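There's a structure below that I have some questions on.
The values are calculated or read from the model by the stated rules, or taken from the named source; none is laboratory data. Quick caveat, the model's predicted, so the values are computed rather than measured. All Cβ positions, even for glycine, are placed from backbone atoms using ideal geometry, and neighbour counts span all protein chains on display.
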Amino acid sequence: MNKLPVITMIVFLLAAAPAFAQVVHQTETVALGKITALDLQRGTLTLDTGAQFTLAPSLQYTGTPAINKEVQVTYSEQGGQKVARIIDCTRNAK
């Protein structure tokens, strides 16, 4: 019996485990507030709640983000930073 395919599969699974664990443990959180600062060149966003975000390269948004606009930001924490993945600009202030 040839053991090479079995050994190759075990090595592959061990190499993929850390990447899979990172995806599984990455949770998304939602923050609500008004935009007080937006710097597209630096890729940063600040809400009136004091929350600061880095904009993900694959950022998705509804509407046009602008100062004083009420938004819902969906983000995840990476390396101690809040990384915004979705900015929903269709939220109404309540």
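Please specify each residue of segment 60-78 satisfying the condition of being charged (D, E, K, R) and more than 11 Å from residue 88 (Cα to Cα).
Within segment 60-78, just 77 meets the criteria.
Would you check which residues across segment 64-94 are closer than 15 Å to residue 33 by Cβ and not in a strand (DSSP E or B) and list them?
We begin by selecting, within segment 64-94, every residue closer than 15 Å to residue 33 by Cβ; these are 65-75, 82, 84, 86-94.
65, 66, 67, 68, 69, 89, 90, 91, 92, 93, 94, listed by residue number.
Residue 41 - would you say it is modelled with pLDDT under 95 and surrounded by fewer than 10 Cβ atoms within 10 Å (Cβ to Cβ)?
Working: modelled with pLDDT under 95: yes; surrounded by fewer than 10 Cβ atoms within 10 Å (Cβ to Cβ): yes.
Judged against the criteria, residue 41 is a match.
Can you tell me which residues in segment 52-64 are surrounded by 15 or more Cβ atoms within 10 Å (Cβ to Cβ) and modelled with pLDDT of 90 or more? Steps first, please.
Looking only at segment 52-64, we keep the residues that are surrounded by 15 or more Cβ atoms within 10 Å (Cβ to Cβ), and these are 53-56, 59, 61.
Selection gives 53, 54, 55, 56, 59.
Which of the residues spanning segment 61-94 are under 23 Å from residue 27 (Cβ atoms), touching an Asp or Glu at 6+ places or on another chain (Cβ under 9 Å) and of a type in the set (S, T, N, Q)?
62, 72, 74, 76, listed by residue number.
Go through (1) modelled with pLDDT of 95 or more; (2) farther than 15 Å from residue 74 by Cα for residue 49 and report which single condition fails.
(2)
Residues in segment 66-89 that are more than 16 Å from the chain's Cα centre (by Cα) and either closer than 15 Å to residue 42 by Cα or exposed (fewer than 12 other Cβ atoms within 10 Å of the Cβ) (or both): how many?
The qualifying residues number 3.
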